[in-house]
1. Label points 7 Å out from Cα along the Cβ direction at Ala153 and Lys35: separation in nm?
2. Given the Cα-Cα distance of Val48 and Leu142 and 0.36 nm per residue of separation, how much length would full extension add, in nm?
3. At a Förster distance of 22 Å, what's the computed FRET efficiency of Lys118 paired with Arg65, Cβ-Cβ distance as r, to 0.05?
4. Restricting attention to the alpha-carbon atoms of region 96-171, what are Rg (one decimal) and Dmax (integer), both in Å?
5. Placing one identical point scatterer on every Cα of region 29-169 and ignoring solvent, what is log10 I(q)/I(0) from the Debye formula at q = 0.20 Å⁻¹?
6. Run the simple label-point estimate for Ser86 and Ser169 please: 7 Å along Cα→C-beta, distance reported in nm.
Amino acid sequence: MILKIIKDFFKNVKKELGGNFNIVSADDNYSDFLKAFDFVIKHEGGYVNHPSDPGGETKYGISKRAYPNLNIKNLTIDDARKIYHSDYWIPAGGEELEWPVNLVQFDCAVNCGVGTAKKFLKEVGPIALLLIERRESYYNKLISNKPNLKVFAKGWMNRINELKKFISSLP
């Protein structure tokens, strides 16, 4: 309870000061974040500017659409890690969830958006394989509604299959 009060206090300070800093405490599951980041970054890759990608210019999965004032071409891996922690891991609930559910939730937040990841978690609960299945269904519906996104289907499904394989290999 006290830890939550302290975190809320610093979130408000951050908002008031407009600061670009992160508050990381010992229980933030930061080691889980680093493992999840390594998984995600393998799939997000380097700089691309695919004409069918609604995010536009992208590097390490950070898009110009989401960060219009950011110089995407010059984004460093350390910058990406900070953005992922503060804007995806924490808002998606990564620090409150157990491994590997937090990995699945984070990967979904990066690829589908934080709001969508939170919606899926609310729908199916903190069960890694059910979250992955829900995401797969989401992709199929998305492609059905927006055929121009079919170009990304193979990559999305490969990512899901790798996530399933990784989760299944855990003790």
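Here, each number is a calculation from the coordinates, and none is a lab measurement. Worth saying up front: this structure is predicted, and the values here are computed from it rather than measured. Don't worry about glycine lacking a Cβ; one is built from the backbone with ideal geometry, like all the others, and counts go over all protein chains shown.
1. Result for the modelled spin labels: 3.4 nm.
2. Value of the extension gain: 31.7 nm.
3. So the FRET efficiency works out to roughly 0.65.
4. Taking only Cα atoms of region 96-171, I get Rg and Dmax of 12.1, 39 Å.
5. Result of the Debye calculation: -1.31.
6. The two pseudo-label positions are separated by 3.3 nm.
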